[in-house]
Amino acid sequence: MSLWEKDIMMKSYDPLKENKVVDILIVGGGMTGINSLYFLKDQKNVMLVEANKIGQGVSLNTTGKINYLQESTLGHLILTKQYTKAKIYLASQIEGIKLLKKIIKMEQIECNLEEVTSYLVTQKSEKVQDIKQIERFLEDIKIPLENDLSLLDKEFLYGIGVKDTFVFHPLKYLKGLLNVIKHPIYEHTRIMNIRKTKNGYQCVTDQGYYIEAKRVMIACHYPFFYLPYFLPTKTSIEKSYLNAYEVKENKKYTYITIENPSLSTRFYEDNQHIYQLALGGSHKTSVKQNDSEQFQKITTSKLKNILWSNVDICTFDHMPIIGPIKENLYLATGYQAWGMIQSVISAQMFYQSINGKHSPYDDLFSPHRTFIKRFLFSFPYLLSNAYSFLRSKWYHKSWYSNHLTFSYKKGRLIACYKDKNGEKHLVHPVCPHMKCGLIFNEIEETWDCPCHSSRFDKDGNIIKGPSKYSIQWSENSD
């Protein structure tokens with residue numbers, strides 16, 4: 001389980017059971033979708049659909065950091081000397097932080113928002129100069145910096161810190177937004193197909209209902225469609241492992257290392273406990289697939305470890321993908337592990353676009369940016385996806401326990417997992433999205449796709465896409 005779901009109950013919504021005609025349809029009930037719905041709260045005829053439960057995807061598994069000192073995005077731009085882009089990107093993140101703070105204050109949302117000092121640090125001598133290069137950039141544009149690392153719980157060779165950064169409880173934030181949003185929301189309503197029509201788009205649900213919409217915002221983590229954007233050629237999947245455990249003091253800082261795999265930490269304090277939350281072991285899913293081994297690396301000797309994992313979509317230029325992919329069809333994804341800020345920026349950009357306004361970040365985040373560079377960079381992503389696919393076909397993993405067995409029935413591969421109570425759970429361990437072999441995560445008891453991050457529970461029920469179908473198996477299955 002995630003730390004965030006232990007102390008909060010989200011409101012439930014009914015599935016869609018009739019055809020609908022709307023002006024704007026938002027697909028996806030995570031941070032991006034709910035923020036977008038909030039920005040449109042005064043618009044008429046707007047609707048949101050969520051394939052499962054609101055806030056139960058990546059939003060549930062985030063660290064909840066609101067920080068512009070980002071090693072994977074801002075750091076990349078600076079280290080590759082893309083200084084103009086770095087300034088625009090930094091402006092977007094600072095604006096996103098201000099927007100979040102404004103929304104939380106205006107709507108009086110109790111979400112444990114807390115100002116912290118955020119550090120970018122390193123334990124490796126060869127990375128010191130990288131941090132110093134980022135430091136010089138920030139000093140040149142008059143960003144105040146902190147250099148005292150004595151408060152941190154680990155020793156680092158070098159680091160810099162910034163103020164005006166925050167942490168919060170992501171589900172409490174979503175719950176607060178939902179309290180002021182009056183637009184209809186439907187859970188357990190999966191969009192299976194989107195068709196272009198004369199007046200917009202026709203979206204078909206898994207129950208066969210039709211939603212006619214003039215504009216559609218795709219706000220799910222990984223889009224379920226290949227065309228028109230064909231996301232697999234432009235992105236890869238990175239997986240991280242998280243551990244929360246009780247400590248005695250809230251030290252009110254966050255840090256992240258610049259080296260890869262990165263180590264990240266923050267603190268969270270509720271009415272009864274103080275937790276330190278650590279993230280580590282980040283890797284491309286194409287190269288590491290033993291989740292139990294990765295969890296062991298971040299598990300402390302302390303009692304009451306709360307363990308979970310998360311996946312992020314990484315893009316060729318380390319920038320998010322936000323904007324129209326076709327006329328009146330918008331996409332927001334590829335947040336590169338910094339979705340808390342990107343989601344509110346996406347929502348603002350969507351709001352500006354439908355009101356005929358331009359954002360200063362349109363070109364930087366455009367899905368159609370720099371065609372030549374995108375073409376050159378698509379080749380390694382194709383190789384990465386191909387490698388994930390081929391590795392995923394080696395079903396009999398050496399690290400699996402004897403609780404998991406494989407056999408063939410009716411010509412199909414069947415996996416049988418026997419849980420701690422002795423109950424058997426049968427699935428067909430192949431992702432319906434693009435037929436990648438699924439990897440069983442024995443810590444969280446989920447079947448995970450290493451190619452495009454679809455996820456299923458131990459009984460084969462779909463948790464998150466891009467897959468549109470579940471993988472259950474029974475003796476009566478075809």
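Here are the numbers:
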| item | result |
| --- | --- |
| Inverse mean reciprocal Cα-Cα distance (Kirkwood Rh) of the stretch 232-339, Å | 15.7 |
| Heavy-atom accessible area ranking, 1.4 Å probe, most first, across His403, His433 | His403, His433 |
| Per residue accessible area of the stretch 1-142, 1.4 Å probe, in Å² | 44 |
| Carbon/sulfur fraction of accessible area - the stretch 187-325, other protein chains in place, 1.4 Å, % | 49 |
| Set Lys326/Lys468; Lys102/Lys214; Lys163/Lys239; Lys6/Lys65 screened for pairs whose C-alpha atoms are more than 24 Å apart | Lys102/Lys214; Lys163/Lys239 |
| Length-normalised contact order of the chain in % [C-alpha pairs under 8 Å, at least 6 apart] | 18 |
| Where the stretch 208-254 is the region considered: accessible area per residue in Å², 1.4 Å probe | 37 |
| Which labelled figure in (1) 22.4; (2) 23.1; (3) 24.1 is Kirkwood radius over Cα pairs in Å, once derived from the coordinates | (2) |
| Cβ-derived FRET efficiency at R0 45 Å, Phe406 paired with Lys102, nearest 0.05 | 0.25 |
| Linear extension gain, Lys17 paired with Lys41, 0.36 nm per residue minus alpha-carbon span | 6.3 nm |
| Among beta bridges that DSSP assigns inside the chain, antiparallel share in %, nearest 5 | 75 |
| Pairwise label distance in nanometres, Val287 with Thr300, each label 7 Å out on the Cα-Cβ vector | 2.8 |
| Amide H within-cut-off set for Val22, under 5 Å, with H built and near neighbours excluded | Glu212, Ala213, Lys214 |
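The values are calculated or read from the model by the stated rules, or taken from the named source; none is laboratory data. Quick caveat, the model's predicted, so the values are computed rather than measured. Glycine gets a Cβ as well: all are built from the backbone with ideal geometry, and neighbour counts include every protein chain shown. Please note that ligands, DNA and RNA were not included when accessible areas were found on the heavy atoms of the full protein model with its side chains. Shrake-Rupley method; radii C 1.70, N 1.55, O 1.52, S 1.80 Å.
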